[in-house]
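Take a look at the structure below.
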Amino acid sequence: MNKQEITDILSDNSKNDWLFKKADETRRKYVGDEVHLRALIEFSNICKRQCLYCGLRSPNKEIERYRLSKDEILDSVKKAIKLGYQTIVLQSGEDDNYYQDKMCDIIKEIKKHDVALTLSLGEKTFDEYKAYKDCGADRFLLRIETTDKKLYQQMHPNASFENRVQCLENLKTLGFEVGTGCLVGLANQTIESLANDILFFKEIDADMIGIGPFIPHNQTPLKDMKQGDFWLALKVMALTRINLLNINIPATTAMETIYPQGRLIALQSGANVVMPNVSEIENRKKYEIYPDKAGVYDDEIEFKKKLEKDLISIGRTISTHKGFRKK
Ligand code: SAH
């Protein structure tokens, strides 16, 4: 689709049913009925950045900070493997305590197991990304957040849009499967800029796209802003499926958080991935990028059982392999 076609669909709600059905059919045709599960470990909520929307931003003195040791991370990895998950996602704030060699040591230990490893640690140098790749990391998630440069600069003090794009290009060059994505519903974000986001995903040939509504966090400068709209976020996700065809798309936790059954609705509108949280419950509460995050109190075993049941009820199966992009 071109930009005009995308903006037309985004600004007209009368064709939503058609759109979600079309995205679901596209998902089925290109990636099938399997749902890939990625076990998420949030290993540090310490962050040097000041992203205006995020509860982990460094000026937030209200949250209790934590960082896991290598052994604690490995304990969570073992728990995830025991639950049957075949991809581990390590996510954190931008925490320089995990310097290159320390991170590589953790990556190598994890890759001794038969799992795919995704990292989501923010902006690093080319050499750092290369070191992670060389010791076995498979994928990297780094959302562009918005392709509206002016809005990007407003939302990210002391950061540069160009560097974020450069990081994504570096990750591609290094051979990672690359995930990016955007927030939907930031103040001053236009429909046109959301269309540009989708075109950007296509242009960089992203392998994974995560899309979530913006949720205001009380200890951030955006606390009084309006929450992003679930249906608009879902439309951006559906259009991403229709335009990028065979990529992996998670039903994001932010969608589940703001709308009842948001995860299952997303899975029936283009998504084919779920990211169960396997962090320790006490830490999940502290990894508060936005408030009332879904799944914070879920027992891992119960969650998986319930998810399996839900997936079967919508005619889907749980993937039995690592779920790399089907090219
Ligand atoms: N430090 C890493 C991980 C960030 S947390 C990085 O920079 O990539 C993962 C994602 O949470 C972010 O990319 C952002 O899109 C999302 N997020 C942060 N704050 C949010 C909020 N208030 N509402 C909804 N999503 C948010």
- Breaking point among (1) more than 20 Å from GLU42 (Cα to Cα); (2) among the aliphatic types (A, V, I, L, M); (3) open to solvent by 20 Å² or more (accessible area, probe 1.4 Å), for MET155: (3)
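This table checks each residue for (1) surrounded by 14 or more Cβ atoms within 10 Å (Cβ to Cβ); (2) touching a residue at least 60 places away in the same chain (Cβ under 8 Å); (3) more than 15 Å from the chain's Cα centre (by Cα).
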| residue | (1), (2), (3) |
| --- | --- |
| THR220 | yes, yes, yes |
| MET225 | yes, no, yes |
| ILE247 | yes, yes, no |
| GLN268 | yes, yes, yes |
| VAL274 | yes, yes, no |
| GLU282 | no, no, yes |
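Please count how many residues of the stretch 82-113 are among the β-branched types (Val, Ile, Thr) and touching a residue at least 40 places away in the same chain (Cβ under 8 Å). Walk me through it before giving the result.
From the stretch 82-113, those among the β-branched types (Val, Ile, Thr) are 87-89, 106-107, 110; that's our starting set.
From the residues that got through so far, the ones that are touching a residue at least 40 places away in the same chain (Cβ under 8 Å) too are 87-89.
Summing the residues that are among the β-branched types (Val, Ile, Thr) and touching a residue at least 40 places away in the same chain (Cβ under 8 Å) in the stretch 82-113 gives 3.
Keeping to the stretch 64-91, report how many residues are of a type outside the set (Phe, Trp, Tyr) and part of a loop (DSSP other than H, G, I, E, B).
Residues of the stretch 64-91 that are of a type outside the set (Phe, Trp, Tyr), as a first pass: 64-65, 67-84, 86-91.
Those left that are additionally part of a loop (DSSP other than H, G, I, E, B): 64-65, 68-69, 83-84, 86.
Going through the stretch 64-91 one residue at a time, the tally reaches 7.
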- Out of curiosity, is LEU52 in contact (Cβ under 8 Å) with a residue 60 or more places away in the chain, away from the ligand (no atom under 16 Å from the Cβ) and either part of a strand (DSSP E or B) or open to solvent by less than 50 Å² (accessible area, probe 1.4 Å) (or both)? no
- In the list LYS29, LYS15, LYS61, LYS21, which residue meets the criterion of being open to solvent by 80 Å² or more (accessible area, probe 1.4 Å), outside any helix (DSSP H, G or I) and of a type outside the set (Val, Ile, Thr)? LYS61
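Listed here are the residues, each with its yes/no results for (1) over 21 Å from ARG67 (Cβ atoms); (2) of a type in the set (Lys, Arg).
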site	(1), (2)
ASN97	no, no
ASP105	no, no
LYS108	no, yes
LEU117	no, no
THR147	yes, no
GLN154	yes, no
ARG164	yes, yes
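Taking the stretch 93-122 as the search range and keeping residues that are part of a helix (DSSP H, G or I) and of a type outside the set (Val, Ile, Thr), which one is surrounded by the most Cβ atoms within 10 Å (Cβ to Cβ)?
If we filter the stretch 93-122 for residues that are part of a helix (DSSP H, G or I), which is where we start, we get 100-110.
Now narrow it down to the ones that are of a type outside the set (Val, Ile, Thr): 100-105, 108-109.
Values: GLN100: 16, ASP101: 10, LYS102: 11, MET103: 22, CYS104: 18, ASP105: 13, LYS108: 13, GLU109: 16.
Top of the filtered list is MET103.
The values are calculated or read from the model by the stated rules, or taken from the named source; none is laboratory data. The structure displayed is predicted, hence computed values, not measured ones. Note that we place each Cβ from the backbone using ideal geometry, even for glycine, and neighbour counts take in every protein chain shown. Just the protein is used for accessible areas: all its heavy atoms, side chains included, with ligands, DNA and RNA removed. Shrake-Rupley method; radii C 1.70, N 1.55, O 1.52, S 1.80 Å.
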